[in-house]
1. Note down the net charge around Pro274, summing +1 for each Lys or Arg and -1 for each Asp or Glu among other residues with Cβ under 13 Å from its Cβ.
2. Over the stretch 201-338, with a single point scatterer placed on each C-alpha, what log10 of the ratio I(q)/I(0) does the Debye formula yield at q = 0.11, 0.17 1/Å?
3. Taking amide H positions as placed 1.01 Å from N in the peptide plane, with prolines and chain starts having none, which residues 5 or more places from Asp53, or on another chain, fall under 5 Å of its amide H?
4. Taking 0.36 nm per residue of separation and subtracting the Cα-Cα distance, what length does fully extending Ala428 through Met141 add?
5. Which of Gln277, Gln334, Gln258 ends up with the largest GNM mean-square fluctuation for the chain, with Cα atoms connected below 10 Å?
6. In nm, to one decimal, how far is the modelled label at Arg169 from the one at Arg408, with both set 7 Å along Cα→Cβ?
7. To the nearest Å, what is the center-to-center distance of the stretch 6-71 and the stretch 355-429, using C-alpha atoms only?
8. Karplus couplings for the stretch 343-352 from phi (6.51 cos²θ - 1.76 cosθ + 1.60, θ = phi - 60°), rounded to Hz, Gly and Pro as x?
Amino acid sequence: MNTRGEESLWSATAAPLTPFPALREAVQAQVAVIGAGYTGLSAALYLGEAGRDVVVLDAMDVGDGASGRNGGQVIPGLKYDPDTLEDMYGGDQGAKLVATVAAGPDLVFELIRKHDIGCEAVRSGWLQLATSESALAPIGMRARQWRARGAAVEMLGRADVARLTGSQRYYGGLIDRRGGTVQPLAYARGLARAAQRAGVRVFTHSAATHLERSAGEWRLRTRDGSVTCRQVVFATNAYSDKFVEPLQRTVVAVPSMQVATAPLPTELRRSILPEGQSVSDTWRLLRYFRLDGQGHLIMGSRGVFGDVPLVRAARLHYRAVQEIYPQLAGISFQYHWAGFVAMTPDHLPHLHEVAPGIVAGLGYNGRGVAMATMMGTLLARRLLGEGAEDLGFPVTAVRPMRLHRFSRFGAAAAIQYLRALDGAARFAERFTRRKRTM
Ligand SMILES: Cc1cc2nc3c(=O)[nH]c(=O)nc-3n(C[C@H](O)[C@H](O)[C@H](O)COP(=O)(O)OP(=O)(O)OC[C@H]3O[C@@H](n4cnc5c(N)ncnc54)[C@H](O)[C@@H]3O)c2cc1C
């Protein structure tokens, strides 16, 4: 799937950004950050505010990676529930990790407030909804575990979910009031402006191509310039290229795609997501959706691998809209776009110490709005000298996957398989419902 070249809803509606220059000279800095998405910009902002002289380089433009293309859902937590994370990492480390992850949404909304970032930020909660009776139990367990840690998470019955979503499709679910939505590209651009105000120099269309060590310093080269610095942050996530090959081999870049309808008619806006929550459901290939400030309904799910035109891949998403919201039959679709999500074998993000003075953060498994923002601050704190044990996040060495070049095929086959299982489950469910009403 070609993930570039289609205008997204976000690029059509975000306030324009005064272009940043390309790097065309040799510059000195204390820290160079590679990647101008949430991870890199949040790290740069933190370091800039701490008085460090920082340069950010991006191969494309600010937010041209996943940060300007995502669903804008500020999702609290990771794939694993807090008890599981604590078991995985043990006592104190596990509890600190859970606290770090839980603080992600607060950090996002606080940065938006502090830097006055205009990005349609709404904090009315995130819904995780069950597509079957059996999916309710794990959601209930998640809600209980977060509640036990003081988080505002509640279970909702079928009628409440129907009222909050305007869809009869779901069996119930949870509302996590820590979550919310942002206009993702506007958020990325706002972070870049805030970093710039903190003294950070941002260069776009300036891919880092070489890294050398000389006289105790690092020298990064781009096509037309270079940065000499003491420390480097790699924040390239699913867009990691050959230049960061070992990091590239720690993640599998999986396509994810979204479509947006025309703004919903006022009548339907009153019943579809009237309180503005964002939603993820429990299909194996989950669907995620929300409204934006103008009433476009945005529906996302996994994309397709291979050379499939986006407009064809979008049909699966149109069908999802019709299935969840039959009342939207005949609505027109205005945008479709895609990007890459970085998946890791253990389904967890990673903070790596790559070499002396070089750190990297990546692998958000589709939950990076909050977590990548948080990761940026963790990377910055580490470079500012904070001990690995105090960060509240495990610091690990880079472990590239063996046979990584086949991972794309494996992921493509897995997606096809899961899509087929979901299709069969949907068919069985429709059949059962029809039988019940006969
Ligand atoms: C379609 C889609 C929907 C998603 N929906 C959600 C959601 O609703 N909620 C959520 O929490 N998460 C979501 N995600 C995930 C989230 O967007 C990412 O986890 C997050 O944006 C990662 O931020 P990042 O800064 O690490 O990486 P990115 O934003 O991808 O930035 C990486 C940057 O590195 C640059 N780069 C790469 N190589 C080089 C180089 N050699 N030199 C210079 N620059 C380089 C790239 O140009 C790119 O700009 C979604 C992702 C996608 C694709």
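Derivation of every value follows stated rules applied to the coordinates shown; laboratory data play no part. Just so it is clear, the model here is predicted, and its values are computed rather than measured. Methodologically, a virtual Cβ is constructed for each residue, glycine included, from the backbone with ideal geometry; neighbour enumeration extends over all protein chains shown.
1. Once positives and negatives cancel, what remains is +1.
2. Each listed q corresponds, in turn, to -0.61, -0.93.
3. It is Gln30, Val31, by chain and number.
4. Difference between extended and current length: 100.7 nm.
5. Gln334
6. In this crude spin-label approximation the distance works out to 3.1 nm.
7. 20 Å
8. So the J values, rounded to whole Hz, are 9, 10, x, 9, 6, 10, x, 10, 10, 10.
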